[in-house]
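Report on the structure given below.
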Ligand SMILES: [Zn+2]
């Protein structure tokens, strides 16, 4: 299934009644195959305001599939109120708070499509990867598609807790975490960095445990730093211990019509 088909099914939207394709091709957005005489399609010419031109499928023939007609429709809410969410073929989940992201990292079961809108994004679903593994999954995060290894993020969470003890002891300080720029809803640049005074102490250390913990922290990509930020912001937790986050943040299915008359 394409990411759009999964998201539309998760939200319980019916597909619009569209004419079948007159030629073979692929959907100009999600890239799903379009078969002559079989696949319902709609003509799609991006408007000047359309902000995702560089993500469009280069071989597109100017047509999109029915699920993409739904996810790009303003009425469906996928570019607005459902633009921070995780969709499985049977259920939609909220992905709007730090706790929701912690749930995704520790509990979400593939296959799923995860999208998280930041201020620089709107069209998310059709660009998102479909994830089939809990150990390394994709997410459309702002205007990038990224990979997150939950085990690496959780390992970094533990490493950071130990590093904090070391630098607090050396600096006679009482920081909860030795990092700054923890945020989720903004650009990802410079997200979740070590505080310079703490970093100096830690980088000077020859303790093999500190060296190994720093490597675990440094090894994360930008999306994983975003995920770690969410873990550090999420409640409940006690000291450096992460909460269970077992309650699924279920998103109610939409009941309104998904596509405007066109
Ligand atoms: Zn499509």
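The values are calculated or read from the model by the stated rules, or taken from the named source; none is laboratory data. Values in this document were obtained by computation on a predicted structure and should not be read as measured data. Every residue, glycine among them, receives a Cβ derived from its backbone with ideal geometry; neighbour counts consider all protein chains shown.
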Number of positions in the range 17-40 that are closer than 25 Å to residue 86 by Cα and touching a strand residue (DSSP E or B) at 6+ places or on another chain (Cβ under 8 Å): 7
Residue match in the range 106-119 (condition: under 14 Å from residue 231 (Cβ atoms) and part of a helix (DSSP H, G or I)): yes
All positions within the range 133-156 that are away from the ligand (no atom under 16 Å from the Cβ), in a strand (DSSP E or B) and touching a strand residue (DSSP E or B) at 6+ places or on another chain (Cβ under 9 Å): 137, 138, 139, 141, 146, 147, 148
Residue within the range 189-197 that is surrounded by fewer than 17 Cβ atoms within 10 Å (Cβ to Cβ) and in a helix (DSSP H, G or I) present: yes
Filter result for the condition that a residue is touching a residue at least 24 places away in the same chain (Cβ under 8 Å), touching a helix residue (DSSP H, G or I) at 6+ places or on another chain (Cβ under 8 Å) and buried (at least 23 other Cβ atoms within 10 Å of the Cβ), over 152, 140: 140
Filter result for residue 130 (at pLDDT 95 or above and within 16 Å of the ligand (Cβ to nearest atom)): yes
The range 70-84, residues that are within 16 Å of the ligand (Cβ to nearest atom) and in contact with a helix residue (DSSP H, G or I) (Cβ under 9 Å, 6 or more places away or on another chain): 70, 71, 72, 76, 78, 79
Looking only at the range 18-43, and only at residues there that are within 14 Å of the ligand (Cβ to nearest atom) and without any contact (Cβ under 8 Å) to a residue 24 or more places away in the chain, the one that is farthest from the chain's Cα centre (by Cα): 35
Restricting the range 1-17 to residues that are closer than 20 Å to residue 125 by Cα and either in a loop (DSSP other than H, G, I, E, B) or out of contact with any helix residue (DSSP H, G or I) (no Cβ under 9 Å at 6 or more places or on another chain) (or both), the residue that is nearest to the ligand (Cβ to nearest atom): 2
